[in-house]
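Structure, as C-alpha coordinates:
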Amino acid sequence: MKRGLRRFLRRRGATDAEIENAASGNYLSLLVLDREITPGARCYTMTELAARGGTDLETARAVWRAIGFPDLPDNLAAFTDADVATLRSFLETFARPWVLDWSLDRGLTQARVVSAALARIGDAVTDDVARSFQEAGTAEMDDEALAELLADRIDFDAIAELVGHVFRLQLRAALWRRLAGADPEAPGTVAGAIGFVDLVGFTALSQELDDDEVAELVGRFGALAHDTVVGAGGRIVKTIGDEVMFVTDEPATAAWIAIRLTERSIGDDLLPQTRAGIASGALVSRDGDYFGPVVNLASRLTEMARPGTVLASAELAIAVETDERFRVRRIRARKVRDIGRVDVCRIDRGVAGD
(Lines give C-alpha, C1' and ligand atoms only; values in the text may rest on other atoms or scores of the structure.)
Protein backbone atom coordinates (compact mmCIF):
# COMPACT_ATOMS: atom_id res chain seq x y z
CA MET A 1 0.00 0.00 0.00
CA LYS A 2 1.28 3.46 -0.89
CA ARG A 3 2.20 5.71 2.02
CA GLY A 4 -0.08 8.49 0.81
CA LEU A 5 -3.17 6.31 1.11
CA ARG A 6 -2.17 5.13 4.58
CA ARG A 7 -1.56 8.74 5.70
CA PHE A 8 -4.96 9.76 4.29
CA LEU A 9 -6.73 7.11 6.35
CA ARG A 10 -4.73 7.77 9.52
CA ARG A 11 -5.44 11.51 9.37
CA ARG A 12 -9.14 10.66 9.26
CA GLY A 13 -9.07 8.46 12.32
CA ALA A 14 -8.57 4.96 10.92
CA THR A 15 -6.38 2.70 13.06
CA ASP A 16 -3.60 0.52 11.64
CA ALA A 17 -5.72 -2.55 12.41
CA GLU A 18 -8.66 -1.15 10.47
CA ILE A 19 -6.42 -0.32 7.53
CA GLU A 20 -4.82 -3.77 7.47
CA ASN A 21 -8.20 -5.50 7.75
CA ALA A 22 -9.55 -3.41 4.88
CA ALA A 23 -6.51 -4.19 2.75
CA SER A 24 -6.73 -7.93 3.37
CA GLY A 25 -10.50 -7.89 2.86
CA ASN A 26 -10.35 -5.82 -0.35
CA TYR A 27 -12.51 -2.97 0.95
CA LEU A 28 -9.97 -0.16 1.20
CA SER A 29 -12.06 1.91 -1.21
CA LEU A 30 -15.07 1.60 1.10
CA LEU A 31 -12.95 2.57 4.12
CA VAL A 32 -11.78 5.67 2.23
CA LEU A 33 -15.38 6.69 1.60
CA ASP A 34 -16.32 5.96 5.21
CA ARG A 35 -13.56 8.14 6.66
CA GLU A 36 -13.91 10.94 4.12
CA ILE A 37 -17.61 11.27 4.96
CA THR A 38 -17.29 10.81 8.74
CA PRO A 39 -13.69 11.40 9.81
CA GLY A 40 -12.51 10.89 13.36
CA ALA A 41 -11.56 8.05 15.66
CA ARG A 42 -14.41 5.82 16.87
CA CYS A 43 -13.60 5.96 20.55
CA TYR A 44 -16.86 6.32 22.55
CA THR A 45 -19.57 3.83 23.45
CA MET A 46 -23.21 4.92 23.65
CA THR A 47 -22.87 5.33 27.43
CA GLU A 48 -19.78 7.54 26.99
CA LEU A 49 -21.52 9.49 24.21
CA ALA A 50 -24.42 10.26 26.56
CA ALA A 51 -22.13 11.33 29.40
CA ARG A 52 -19.97 13.58 27.24
CA GLY A 53 -23.07 14.96 25.49
CA GLY A 54 -24.53 15.99 28.83
CA THR A 55 -27.53 13.67 28.93
CA ASP A 56 -28.68 10.25 30.08
CA LEU A 57 -28.33 6.99 28.18
CA GLU A 58 -32.02 6.66 27.23
CA THR A 59 -32.12 10.16 25.73
CA ALA A 60 -28.97 9.48 23.71
CA ARG A 61 -30.50 6.25 22.44
CA ALA A 62 -33.74 8.05 21.56
CA VAL A 63 -31.84 10.61 19.50
CA TRP A 64 -29.84 7.84 17.77
CA ARG A 65 -33.05 6.01 16.84
CA ALA A 66 -34.69 9.25 15.70
CA ILE A 67 -31.95 9.86 13.16
CA GLY A 68 -32.54 6.37 11.81
CA PHE A 69 -30.14 3.90 13.42
CA PRO A 70 -30.63 0.77 15.57
CA ASP A 71 -29.49 0.16 19.13
CA LEU A 72 -25.81 -0.79 19.44
CA PRO A 73 -24.02 -3.16 21.83
CA ASP A 74 -23.13 -1.38 25.06
CA ASN A 75 -19.41 -2.08 24.67
CA LEU A 76 -19.07 -0.97 21.03
CA ALA A 77 -16.95 2.16 20.55
CA ALA A 78 -18.71 3.64 17.52
CA PHE A 79 -18.86 7.39 18.16
CA THR A 80 -16.50 10.28 17.47
CA ASP A 81 -15.91 13.72 18.95
CA ALA A 82 -18.17 15.08 16.19
CA ASP A 83 -21.00 12.84 17.43
CA VAL A 84 -20.54 14.20 20.95
CA ALA A 85 -20.57 17.83 19.76
CA THR A 86 -23.66 17.30 17.61
CA LEU A 87 -25.61 15.60 20.40
CA ARG A 88 -24.72 18.35 22.86
CA SER A 89 -25.70 21.07 20.38
CA PHE A 90 -29.01 19.32 19.62
CA LEU A 91 -29.95 19.08 23.29
CA GLU A 92 -28.85 22.63 24.10
CA THR A 93 -31.35 23.89 21.54
CA PHE A 94 -34.19 23.05 23.94
CA ALA A 95 -32.59 24.97 26.81
CA ARG A 96 -32.50 28.26 24.91
CA PRO A 97 -35.40 30.74 25.25
CA TRP A 98 -37.58 30.82 22.14
CA VAL A 99 -40.97 32.16 21.09
CA LEU A 100 -42.64 28.97 22.34
CA ASP A 101 -41.39 26.02 24.34
CA TRP A 102 -39.88 23.42 22.01
CA SER A 103 -39.88 20.05 23.72
CA LEU A 104 -37.49 17.17 23.18
CA ASP A 105 -40.38 15.08 21.83
CA ARG A 106 -41.00 17.66 19.12
CA GLY A 107 -37.30 17.81 18.36
CA LEU A 108 -37.18 14.03 17.94
CA THR A 109 -40.11 14.23 15.53
CA GLN A 110 -38.23 16.79 13.44
CA ALA A 111 -35.14 14.57 13.55
CA ARG A 112 -37.13 11.62 12.19
CA VAL A 113 -38.43 13.70 9.27
CA VAL A 114 -34.97 15.05 8.43
CA SER A 115 -33.46 11.57 8.77
CA ALA A 116 -35.98 10.03 6.38
CA ALA A 117 -35.33 12.72 3.77
CA LEU A 118 -31.55 12.48 4.09
CA ALA A 119 -31.64 8.67 3.96
CA ARG A 120 -33.29 8.95 0.56
CA ILE A 121 -30.60 11.39 -0.57
CA GLY A 122 -27.96 8.96 0.68
CA ASP A 123 -29.51 6.11 -1.30
CA ALA A 124 -29.67 8.23 -4.45
CA VAL A 125 -26.01 9.27 -4.20
CA THR A 126 -25.02 5.67 -3.46
CA ASP A 127 -26.66 4.52 -6.70
CA ASP A 128 -24.16 6.61 -8.65
CA VAL A 129 -21.23 5.55 -6.48
CA ALA A 130 -22.15 1.89 -6.98
CA ARG A 131 -22.15 2.37 -10.74
CA SER A 132 -18.69 3.89 -10.50
CA PHE A 133 -17.49 0.86 -8.55
CA GLN A 134 -18.94 -1.42 -11.24
CA GLU A 135 -17.18 0.54 -13.97
CA ALA A 136 -13.91 0.29 -12.04
CA GLY A 137 -14.37 -3.46 -11.84
CA THR A 138 -15.07 -3.68 -15.56
CA ALA A 139 -11.85 -1.74 -16.18
CA GLU A 140 -10.05 -4.29 -13.95
CA MET A 141 -8.99 -1.64 -11.43
CA ASP A 142 -8.08 -3.31 -8.15
CA ASP A 143 -9.45 -2.15 -4.80
CA GLU A 144 -6.27 -0.38 -3.68
CA ALA A 145 -6.01 1.59 -6.93
CA LEU A 146 -9.66 2.61 -6.61
CA ALA A 147 -9.07 3.64 -2.99
CA GLU A 148 -6.14 5.84 -4.06
CA LEU A 149 -8.28 7.45 -6.76
CA LEU A 150 -11.08 8.17 -4.30
CA ALA A 151 -8.70 9.59 -1.68
CA ASP A 152 -7.27 11.93 -4.32
CA ARG A 153 -10.54 13.15 -5.84
CA ILE A 154 -13.47 12.88 -3.45
CA ASP A 155 -14.58 16.03 -1.64
CA PHE A 156 -17.50 15.39 0.66
CA ASP A 157 -17.38 18.92 2.07
CA ALA A 158 -18.58 20.23 -1.30
CA ILE A 159 -21.56 17.85 -1.23
CA ALA A 160 -22.38 18.80 2.37
CA GLU A 161 -22.18 22.49 1.46
CA LEU A 162 -24.64 21.96 -1.40
CA VAL A 163 -27.08 20.05 0.82
CA GLY A 164 -26.87 22.73 3.50
CA HIS A 165 -27.44 25.56 1.05
CA VAL A 166 -30.38 23.87 -0.66
CA PHE A 167 -31.95 23.19 2.75
CA ARG A 168 -31.67 26.89 3.62
CA LEU A 169 -33.38 27.83 0.35
CA GLN A 170 -36.16 25.28 0.84
CA LEU A 171 -36.68 26.26 4.49
CA ARG A 172 -36.91 29.94 3.55
CA ALA A 173 -39.50 29.18 0.87
CA ALA A 174 -41.49 26.95 3.25
CA LEU A 175 -41.56 29.66 5.94
CA TRP A 176 -42.93 32.23 3.52
CA ARG A 177 -45.54 29.82 2.18
CA ARG A 178 -46.68 28.78 5.63
CA LEU A 179 -46.49 31.99 7.63
CA ALA A 180 -47.15 34.88 5.25
CA GLY A 181 -50.85 35.63 5.65
CA ALA A 182 -51.45 32.53 7.78
CA ASP A 183 -54.86 32.17 9.41
CA PRO A 184 -54.36 32.09 13.20
CA GLU A 185 -57.82 30.55 13.56
CA ALA A 186 -56.77 27.41 11.65
CA PRO A 187 -53.32 26.36 12.88
CA GLY A 188 -51.82 23.42 11.03
CA THR A 189 -53.89 23.93 7.88
CA VAL A 190 -53.06 25.65 4.61
CA ALA A 191 -55.20 26.56 1.64
CA GLY A 192 -54.03 24.90 -1.54
CA ALA A 193 -54.54 22.13 -4.04
CA ILE A 194 -53.32 18.56 -3.98
CA GLY A 195 -52.81 16.18 -6.87
CA PHE A 196 -51.91 12.56 -7.55
CA VAL A 197 -50.64 11.17 -10.86
CA ASP A 198 -49.97 7.46 -11.37
CA LEU A 199 -48.84 5.13 -14.12
CA VAL A 200 -51.72 3.07 -15.49
CA GLY A 201 -51.12 -0.68 -15.44
CA PHE A 202 -47.73 -0.40 -13.77
CA THR A 203 -48.08 -3.58 -11.71
CA ALA A 204 -48.83 -5.74 -14.74
CA LEU A 205 -46.18 -4.01 -16.84
CA SER A 206 -43.50 -4.47 -14.20
CA GLN A 207 -44.02 -8.25 -14.36
CA GLU A 208 -42.90 -8.19 -18.00
CA LEU A 209 -39.73 -6.13 -17.41
CA ASP A 210 -36.43 -7.00 -15.80
CA ASP A 211 -35.14 -5.07 -12.78
CA ASP A 212 -33.07 -2.62 -14.82
CA GLU A 213 -36.01 -1.83 -17.09
CA VAL A 214 -38.33 -1.25 -14.14
CA ALA A 215 -35.74 1.03 -12.55
CA GLU A 216 -35.37 2.96 -15.80
CA LEU A 217 -39.14 3.36 -16.12
CA VAL A 218 -39.60 4.55 -12.53
CA GLY A 219 -36.62 6.89 -12.86
CA ARG A 220 -37.98 8.35 -16.08
CA PHE A 221 -41.40 8.94 -14.51
CA GLY A 222 -39.84 10.53 -11.43
CA ALA A 223 -37.70 12.90 -13.50
CA LEU A 224 -40.62 13.86 -15.76
CA ALA A 225 -42.91 14.44 -12.79
CA HIS A 226 -40.33 16.49 -10.89
CA ASP A 227 -39.53 18.77 -13.83
CA THR A 228 -43.20 19.24 -14.72
CA VAL A 229 -44.36 19.96 -11.17
CA VAL A 230 -41.49 22.24 -10.20
CA GLY A 231 -41.43 24.02 -13.57
CA ALA A 232 -45.08 24.99 -13.17
CA GLY A 233 -44.64 26.25 -9.62
CA GLY A 234 -45.75 23.19 -7.61
CA ARG A 235 -43.90 21.03 -5.11
CA ILE A 236 -43.41 17.29 -4.99
CA VAL A 237 -44.65 15.90 -1.67
CA LYS A 238 -43.52 12.31 -2.28
CA THR A 239 -43.19 9.63 -4.91
CA ILE A 240 -44.13 6.02 -4.30
CA GLY A 241 -42.90 3.99 -7.26
CA ASP A 242 -45.61 4.47 -9.87
CA GLU A 243 -47.36 7.43 -8.19
CA VAL A 244 -46.42 11.02 -7.44
CA MET A 245 -48.17 13.35 -4.99
CA PHE A 246 -47.81 17.10 -5.47
CA VAL A 247 -49.13 20.26 -3.86
CA THR A 248 -49.70 23.78 -5.20
CA ASP A 249 -50.82 27.10 -3.80
CA GLU A 250 -53.39 27.69 -6.56
CA PRO A 251 -56.01 25.34 -8.08
CA ALA A 252 -55.12 26.43 -11.63
CA THR A 253 -51.50 25.40 -11.11
CA ALA A 254 -52.58 21.93 -10.00
CA ALA A 255 -54.86 21.57 -13.03
CA TRP A 256 -52.11 22.64 -15.41
CA ILE A 257 -49.57 20.24 -13.87
CA ALA A 258 -52.00 17.32 -14.07
CA ILE A 259 -52.79 18.03 -17.73
CA ARG A 260 -49.14 18.44 -18.71
CA LEU A 261 -48.09 15.22 -16.96
CA THR A 262 -50.82 13.15 -18.60
CA GLU A 263 -49.94 14.64 -22.00
CA ARG A 264 -46.23 14.07 -21.59
CA SER A 265 -46.71 10.44 -20.62
CA ILE A 266 -48.69 9.88 -23.82
CA GLY A 267 -45.83 11.34 -25.85
CA ASP A 268 -43.13 9.33 -24.06
CA ASP A 269 -42.11 6.06 -25.72
CA LEU A 270 -40.91 4.54 -22.44
CA LEU A 271 -43.87 5.36 -20.17
CA PRO A 272 -47.39 3.95 -20.09
CA GLN A 273 -50.25 6.43 -19.87
CA THR A 274 -50.92 8.26 -16.64
CA ARG A 275 -54.09 9.44 -14.93
CA ALA A 276 -54.60 12.18 -12.37
CA GLY A 277 -56.89 13.32 -9.58
CA ILE A 278 -56.85 16.83 -8.12
CA ALA A 279 -58.77 18.65 -5.38
CA SER A 280 -58.49 21.95 -3.53
CA GLY A 281 -59.40 23.36 -0.14
CA ALA A 282 -58.02 23.23 3.40
CA LEU A 283 -55.02 20.90 3.65
CA VAL A 284 -53.70 19.58 6.94
CA SER A 285 -49.93 20.11 6.85
CA ARG A 286 -47.71 18.15 9.20
CA ASP A 287 -44.03 17.18 9.11
CA GLY A 288 -43.66 17.75 5.37
CA ASP A 289 -46.77 15.76 4.42
CA TYR A 290 -50.42 16.62 3.78
CA PHE A 291 -53.56 14.97 5.12
CA GLY A 292 -57.30 15.43 5.40
CA PRO A 293 -60.49 15.06 3.35
CA VAL A 294 -59.16 17.05 0.37
CA VAL A 295 -56.14 14.77 0.08
CA ASN A 296 -58.30 11.65 0.39
CA LEU A 297 -60.64 12.91 -2.33
CA ALA A 298 -57.79 13.64 -4.76
CA SER A 299 -56.43 10.13 -4.19
CA ARG A 300 -59.82 8.51 -4.82
CA LEU A 301 -60.36 10.58 -7.97
CA THR A 302 -57.07 9.27 -9.32
CA GLU A 303 -58.28 5.71 -8.84
CA MET A 304 -61.49 6.56 -10.76
CA ALA A 305 -59.81 8.37 -13.66
CA ARG A 306 -59.43 6.71 -17.06
CA PRO A 307 -55.98 6.55 -18.68
CA GLY A 308 -54.89 9.95 -19.99
CA THR A 309 -57.56 11.90 -18.10
CA VAL A 310 -57.72 14.32 -15.18
CA LEU A 311 -60.59 14.22 -12.67
CA ALA A 312 -61.16 17.12 -10.29
CA SER A 313 -63.31 17.98 -7.32
CA ALA A 314 -66.20 20.37 -7.93
CA GLU A 315 -64.52 23.04 -5.77
CA LEU A 316 -61.35 22.98 -7.86
CA ALA A 317 -63.33 22.89 -11.12
CA ILE A 318 -65.29 26.01 -10.12
CA ALA A 319 -62.01 27.80 -9.35
CA VAL A 320 -60.63 27.20 -12.87
CA GLU A 321 -63.72 27.11 -15.10
CA THR A 322 -63.26 30.72 -16.29
CA ASP A 323 -59.59 30.12 -17.14
CA GLU A 324 -59.34 29.63 -20.89
CA ARG A 325 -56.44 27.23 -20.50
CA PHE A 326 -58.94 24.63 -19.32
CA ARG A 327 -62.13 22.99 -20.49
CA VAL A 328 -64.26 21.77 -17.60
CA ARG A 329 -66.87 19.07 -18.10
CA ARG A 330 -69.17 18.13 -15.29
CA ILE A 331 -69.79 14.44 -14.69
CA ARG A 332 -72.76 13.17 -12.73
CA ALA A 333 -72.26 12.72 -9.01
CA ARG A 334 -70.22 9.61 -8.28
CA LYS A 335 -69.95 7.43 -5.23
CA VAL A 336 -66.39 7.70 -3.97
CA ARG A 337 -64.97 4.97 -1.75
CA ASP A 338 -64.86 5.89 1.95
CA ILE A 339 -66.21 9.38 1.17
CA GLY A 340 -69.71 9.10 -0.30
CA ARG A 341 -71.38 10.74 -3.31
CA VAL A 342 -69.53 13.79 -4.63
CA ASP A 343 -69.69 15.95 -7.74
CA VAL A 344 -66.86 15.07 -10.11
CA CYS A 345 -65.51 17.03 -13.09
CA ARG A 346 -63.12 16.25 -15.90
CA ILE A 347 -60.55 18.87 -16.90
CA ASP A 348 -58.92 19.02 -20.33
CA ARG A 349 -56.74 21.53 -22.15
CA GLY A 350 -58.74 24.56 -23.28
CA VAL A 351 -58.51 26.93 -26.23
CA ALA A 352 -55.75 28.98 -24.57
CA GLY A 353 -53.86 25.91 -23.33
CA ASP A 354 -51.01 26.36 -25.80
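Name the residue, out of R235, R260, R264, that is in contact with a Phe, Trp or Tyr (Cβ under 7 Å, 6 or more places away or on another chain), more than 17 Å from A124 (Cβ to Cβ) and either crowded, with 23+ Cβ neighbours inside 10 Å or not β-branched (V, I, T) (or both). Quick ask: steps written out before the conclusion?
Details: R260 fails: in contact with a Phe, Trp or Tyr (Cβ under 7 Å, 6 or more places away or on another chain); R264 fails: in contact with a Phe, Trp or Tyr (Cβ under 7 Å, 6 or more places away or on another chain).
Residue meeting the stated conditions: R235.
Select from the range 193-213 the residues that are assigned to a strand (DSSP E or B), β-branched (V, I, T) and closer than 18 Å to E263 by Cβ and list them in ascending order.
Step one: list which residues in the range 193-213 are assigned to a strand (DSSP E or B), which gives 193-199.
With β-branched (V, I, T) added as a condition, the list becomes 194, 197.
Across the range 193-213, the qualifying residue is only V197.
L297: under 24 Å from R235 (Cβ atoms) and in contact with a Pro (Cβ under 6 Å, 6 or more places away or on another chain), yes or no? First the steps, then the outcome.
Values: under 24 Å from R235 (Cβ atoms): yes; in contact with a Pro (Cβ under 6 Å, 6 or more places away or on another chain): no.
So L297 fails the test.
List pairs: first in the range 273-296 and touching a residue at least 40 places away in the same chain (Cβ under 8 Å), second part of a loop (DSSP other than H, G, I, E, B) and of a type in the set (K, R), Cβ under 7 Å, 6+ apart or cross-chain?
R275/R306
Exactly one of these conditions fails for A14: (1) surrounded by 15 or more Cβ atoms within 10 Å (Cβ to Cβ); (2) touching a residue at least 40 places away in the same chain (Cβ under 8 Å); (3) within 14 Å of A147 (Cβ to Cβ). Give me its number.
(2)
Of the conditions (1) over 19 Å from R120 (Cα atoms); (2) touching a Leu at 6+ places or on another chain (Cβ under 7 Å); (3) of a type in the set (F, W, Y), F291 satisfies every one except a single condition; which number is it?
Every condition holds for F291 apart from (2).
Return the residues of the range 311-327 that are outside any helix (DSSP H, G or I) and buried (at least 20 other Cβ atoms within 10 Å of the Cβ); say none if nothing qualifies. Give the steps one after another, and end with the answer.
Keep residues of the range 311-327 that are outside any helix (DSSP H, G or I), which gives 311-313, 321-327.
Result: L311, A312, S313, F326.
From the list L150, L104, pick out the single residue that is surrounded by 10 or more Cβ atoms within 10 Å (Cβ to Cβ), more than 25 Å from A14 (Cα to Cα), in contact with a Leu (Cβ under 8 Å, 6 or more places away or on another chain) and assigned by TED's automatic domain parsing to the domain that holds L30.
Working: L150 fails: more than 25 Å from A14 (Cα to Cα).
After applying the criteria, what remains is L104.
Inside the range 1-115, counting only helices (runs of 4 or more DSSP H) that do not spill past its ends, which hold 2 or more residues that are more than 27 Å from the chain's Cα centre (by Cα) and more than 30 Å from G288 (Cα to Cα)? Spell out the reasoning first.
Numbers: elements: 3-11, 16-24, 28-37, 46-53, 57-66, 81-92.
In the range 1-115, 3-11, 16-24, 28-37, 46-53 are the helices (runs of 4 or more DSSP H) which contain 2 or more residues that are more than 27 Å from the chain's Cα centre (by Cα) and more than 30 Å from G288 (Cα to Cα).
Got a number for residues in the range 38-85 being of a type in the set (S, T, N, Q), within 29 Å of I154 (Cα to Cα) and either surrounded by fewer than 16 Cβ atoms within 10 Å (Cβ to Cβ) or not assigned by TED's automatic domain parsing to the domain that holds L118 (or both)?
Final tally of qualifying residues: 1.
If I go through the range 330-354 residue by residue, how many of them are closer than 21 Å to L261 by Cα, more than 33 Å from the chain's Cα centre (by Cα) and surrounded by 12 or more Cβ atoms within 10 Å (Cβ to Cβ)?
Going through the range 330-354 one residue at a time, the tally reaches 1.
Are any residues in the range 316-342 closer than 21 Å to M245 by Cα and without any contact (Cβ under 8 Å) to a residue 60 or more places away in the chain, and if so, which ones?
If the condition is that a residue be closer than 21 Å to M245 by Cα and without any contact (Cβ under 8 Å) to a residue 60 or more places away in the chain, then A317, V336, R337, D338, I339 are the ones that fit.
Criterion first (touching a helix residue (DSSP H, G or I) at 6+ places or on another chain (Cβ under 9 Å) and of a type in the set (K, R)) does R346 satisfy it?
Numbers: touching a helix residue (DSSP H, G or I) at 6+ places or on another chain (Cβ under 9 Å): yes; of a type in the set (K, R): yes.
Taking the combined requirement at face value, the residue satisfies it.
Which condition does G192 not pass, out of (1) in the same structural domain as L30 (by TED's automatic domain parsing); (2) within 30 Å of T274 (Cβ to Cβ), if it passes all the others?
(1)
The values are calculated or read from the model by the stated rules, or taken from the named source; none is laboratory data. This structure is a prediction, so every number in the text was calculated from the model and none was measured. Ideal geometry is used to build each Cβ from the backbone, glycine not excepted, and the neighbour counts take in all protein chains shown.
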